[in-house]
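Heads up, the thing below is written out as structure tokens.
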Amino acid sequence: MKIWQNRKILIIDDEPSMCRLVASIFERLGAEVSSTFTGEGGLRSVQDERPDLVILDILLPGMDGLEVCRRIREFSDVPIVMLTAVGRDSQLVRCLYAGADDYVTKPFKPDVLKARAWAVIRRADAWPEFEPKSSYNDGHLLIDLDSNTITAENKQVQLTTTEFQVLAYLYRNSGQMCDVSEILQYLWGDGFGGSHEEVRIYIWHLRQQLEPNPQEPIYIVGNHDVGYSFQSKGS
């Protein structure tokens, strides 16, 4: 697939055999793959190599994958797919709260990992493809989809690729109630899609970052039963 040609992928996993397996999957597609076995090494590699995608194991010695993910999010919006041996919803929630774009449960089929990695790369590539004048500014909240800039109270807001795409979808459909299934379709298409719980977490995190009072949202309104809608201030 051309999407992988010359892409730089960083694997952070303490198991050499897993690193070799994941590397072989993406090298066959034309990607450039590097590996590191510790969280500290992973942080340095993200800063030095500026990869297009990070595949991060949750169970690492010393600094675990969740903490690595949180620290990466302090300085980078690189797409992150986490690997976990636990498929419980609670583990999914922890990964997404830490800032991951997606996760894959071990053991996994290569096609599943490729599909989920492709989906987050596709969303990252789509960032600059919004129509002109895609901006909103009411003094508290600034959304500029052309420059991928979001600020709240004049402070830069750091969003993951997927969170940005959820906000962009709601903003481009301002005033309309968007069903959760519609949001999932937009994010994933007909491939290996995410879950309703993931959307709930993305909405929660967006509200925490954007709303003056996340408990009483004025921008992203609605709930999981009726759907979600972006409302301009005063509308």
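Only the coordinates and a few stated rules stand behind these numbers; no lab work does. Remember, predicted model here, so these are calculated numbers, not experimental data. Here the Cβ is made from the backbone with ideal geometry for all residues, glycine too, and neighbour counts use every protein chain on show.
Per-structure values
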{"quantity": "Simple spin-label estimate for residue 18 and residue 5 in nanometres, 7 Å along Cα-Cβ", "calculated": "3.2 nm"}
{"quantity": "Other-chain or far-sequence residues with amide H under 5 Å of residue 178's (modelled H)", "calculated": "228, 229"}
{"quantity": "C-alpha center-to-center spacing [region 51-66, region 10-30] in angstrom", "calculated": "13 Å"}
{"quantity": "Gyration tensor (alpha-carbon) shape descriptor, region 1-53, a/c threshold 1.5", "calculated": "oblate"}
{"quantity": "Dipole magnitude (debye, nearest 20) for region 2-125, charges at Cβ of Lys, Arg, Asp, Glu", "calculated": "400 debye"}
{"quantity": "Overall form of region 2-125 per C-alpha gyration tensor (a/c, 1.5; a/b vs b/c)", "calculated": "rounded"}
{"quantity": "Per-residue HN-Hα couplings for region 103-113 [Karplus 6.51, -1.76, 1.60; θ = phi - 60°; Hz; x = Gly/Pro]", "calculated": "8, 9, 8, 7, x, 10, 8, x, 5, 5, 4"}
{"quantity": "Stokes-Einstein D in µm²/s, Kirkwood radius over Cα pairs - region 127-230 at 25 °C with 0.890 mPa s viscosity", "calculated": "176 µm²/s"}
{"quantity": "Whole-Hz couplings from phi, Karplus 6.51/-1.76/1.60, listed for region 27-43; x for Gly and Pro", "calculated": "5, 5, 8, x, 7, 9, 10, 10, 9, 9, 9, 10, x, 4, x, x, 4"}
{"quantity": "Square roots of 5 times each gyration tensor eigenvalue, C-alpha, the chain, largest first, Å", "calculated": "31, 18, 17"}
{"quantity": "Derived scalar couplings ³J(HN,Hα) [region 6-19; Karplus, 6.51 cos²θ - 1.76 cosθ + 1.60; whole Hz; x for Gly, Pro]", "calculated": "6, 6, 9, 10, 10, 9, 10, 7, 7, 9, x, 5, 5, 4"}
{"quantity": "Listed peptides 212-221, 198-207, 22-31 by packing density, highest first (mean Cβ within 10 Å)", "calculated": "198-207, 22-31, 212-221"}
{"quantity": "Given charges at Cβ of Lys, Arg, Asp, Glu: region 127-230 dipole, positive-most of 184, 152, 223", "calculated": "152"}
{"quantity": "The chain, helix-only ellipticity at 222 nm - DSSP H runs n ≥ 4, -39,500 (n - 2.57), divided by all residues, nearest 500", "calculated": "-12000 deg cm²/dmol"}
